[in-house]
Amino acid sequence: MEEIAIGAKPVNPVDPKKKRSNKRLTWATVKEQRQLIYMSVPLLAYIVLFAYVPIWGWSMAFQDYKPARSFDEQTWVGFKHFKFLFTDDNFMRVLRNTLAMSMINLILGFVTAIILALLLNEIKKLFWKRTVQTISYLPHFLSWIIVTGIVATSLASDGIINDVLLKLHLIDKPILWLSEGKYFWGVVGASHVWKEVGWNTIIYLAAMASIDPALYEAADIDGANRYQKMWNITLPGIKPTIIILLIMSIGHILEAGFEVQYLLGNGLVVDWSETIDIFVLKYGIAQGNYSLATAGGIFKTVVSITMLLLANWTAKRLGEERLL
């Protein structure tokens, strides 16, 4: 039998099934936090105005929408445009391109950002660490029109890429990188990495800074080298951050991009460069088929939400960090 200290008050066991009562929201609480509420009003208004009000426009996907007619005069056609999307060869090709480039950007973006963050974390000289960070961040602040101009110039037949490959005797003649479809996805992936890899390392470096230094000291005492410490301490320490960012990225699985494909694409690689965003622009603006373009946008949104919820549920089932 366990001994009880003299004079100690008996502790009532806590029922784990008993839920704690949530703090009720009162006018006193609202008045106390009114400054925060006032600050949130512009943000809430922005979200409602630009994220929820436009949902009314989804009704166009179920109509043969004509801009000159009022809402009551539109002809309702049900799922006609959705059926056309899923039977149209062009949309299937666009969906293939979007998924392929999105997966390339996702994998390359995650792997390169984590590797660069690990390498930066191992630099002990603060000056060199800050210098490399600054250089790697700079492309993020360039617009895609500038980046695509640099990429197109570098990949030209007389550009620096072909010149280096020729001097190294890796190729016999210049490669037309932007004129052959088989190279386009790789060019887009490399462009995204070059532009965003430095910026994507910020959150990983912040997560690494929160790891207990005592773990590294204990590993040094045990004789662990740098690679062992990275594998057994640093990576497990930032694992929750990686999982959360991965879930959020999966929710944007159909966000392959628009600017880089639109600006680098041309008639020779159109079968490889068109994405759902370009498809929507092409049909919605160029051809005036607003109903079909809206149906494509709805499909993209529904798939994104479904993938986000599925990824979050999978993380929950595996006992990992999740959004909700």
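The values are calculated or read from the model by the stated rules, or taken from the named source; none is laboratory data. What you see is a predicted model; the values in this text were computed from it and never measured. Cβ atoms come from the backbone with ideal geometry, glycine included; neighbour counts cover every protein chain shown. Accessible surface is based on the protein model in full, side chains and every heavy atom, while ligands, DNA and RNA are left aside. Shrake-Rupley method; radii C 1.70, N 1.55, O 1.52, S 1.80 Å.
Divide, for the stretch 106-197, the radius of gyration over alpha carbons by 2.2 N^0.38 Å, where N is the residue count.
1.27
Bin by bin, in steps of 10 Å, what percent of the Cα pairs in the stretch 180-316 do you find, going until the bin that has the longest distance?
10, 25, 28, 19, 11, 5, 1
What residue among Pro54, Trp185, Leu99 has its Cα farthest toward the positive end of the dipole of the chain, where the charges are +1 on Lys, Arg and -1 on Asp, Glu, each on the Cβ?
Of the candidates, Pro54 comes out farthest on the positive side.
For every other residue with a beta carbon closer than 12 angstrom to the beta carbon of Ser136, add +1 if it is Lys or Arg and -1 if Asp or Glu, then tell me the sum.
+2
How do 37-45, 147-155, 310-318 rank on mean C-beta neighbours within 10 Å, highest first?
Going by the mean number of other Cβ atoms within 10 Å, highest first, we get 147-155, 310-318, 37-45.
If you roll a 1.4 Å probe over the stretch 27-75 with all protein chains in place, what percent of the accessible area is carbon or sulfur?
The C+S portion of the solvent-accessible surface of the stretch 27-75 is 69 percent.
Tell me the per residue accessible area of the chain using a 1.4 Å probe; a whole number in Å² is fine.
With all protein chains present, the chain gives 68 Å² per residue.
Are there any helices in the chain, counted as whole DSSP H runs, that stretch 27 Å or more along their axis by Cα and score at least 0.0 on average by Kyte-Doolittle, and if so which?
Within the chain the helices that satisfy the rule are 89-122, 181-209, 290-317.
Report the FRET efficiency, 1/(1 + (r/R0)^6), for Ala286 and Tyr216, where r is their Cβ-Cβ distance and R0 is 51 Å, rounded to 0.05.
0.35
Three principal axis extents, largest first, for the C-alpha atoms of the stretch 27-75, in Å?
Taking max minus min along each principal axis of the Cα atoms, the stretch 27-75 gives 52, 17, 16 Å.
I need to check one value: relative contact order of the stretch 168-324, counting alpha carbon pairs closer than 8 Å and at least 6 residues apart, in percent.
27 percent
Using all Cα-Cα distances in the stretch 263-302, what percent lands in each 5 angstrom bin from 0 up to the longest?
For the stretch 263-302, the pair-distance distribution reads 6, 25, 27, 20, 17, 5, 0.
May I ask for the net charge around Thr75, where only other residues with Cβ less than 15 Å from the Cβ of Thr75 are counted and Lys, Arg are +1 while Asp, Glu are -1?
Taking every other residue near Thr75 into account, the sum is 0.
Restricting to Cα atoms and excluding each atom paired with itself, what does the Kirkwood estimate give for the stretch 43-158 in Å?
20.0 Å
Pop out the carbon and sulfur fraction of the accessible area of the stretch 188-295 as a percent, whole number, probe 1.4 Å.
62 percent
Please state the shape class of the chain: rounded when a/c is under 1.5, otherwise prolate if a/b exceeds b/c and oblate if not, all from the C-alpha gyration tensor.
It comes out oblate by the Cα gyration axes.
Hey, got a sec? Which GluC sites (Glu not before Pro) in the stretch 148-241 land in a DSSP loop and have at most 11 other Cβ atoms within 10 Å?
Answer by residue number: there is no such site.
Across the stretch 219-288, how large is the tail of the calculated P(r) beyond 20 Å, expressed as a percent of all Cα pairs?
Of all Cα-Cα distances in the stretch 219-288, 58 percent exceed 20 Å.
What is the sum of charges around Trp177, taking Lys and Arg as +1, Asp and Glu as -1, for the other residues whose C-beta is under 15 Å from the C-beta of Trp177? Display every interim value, and only then the final one.
On the way: positive: Lys173, Lys182; negative: Asp158, Asp163, Glu180.
Once all neighbours under 15 Å are counted, the net charge is -1.
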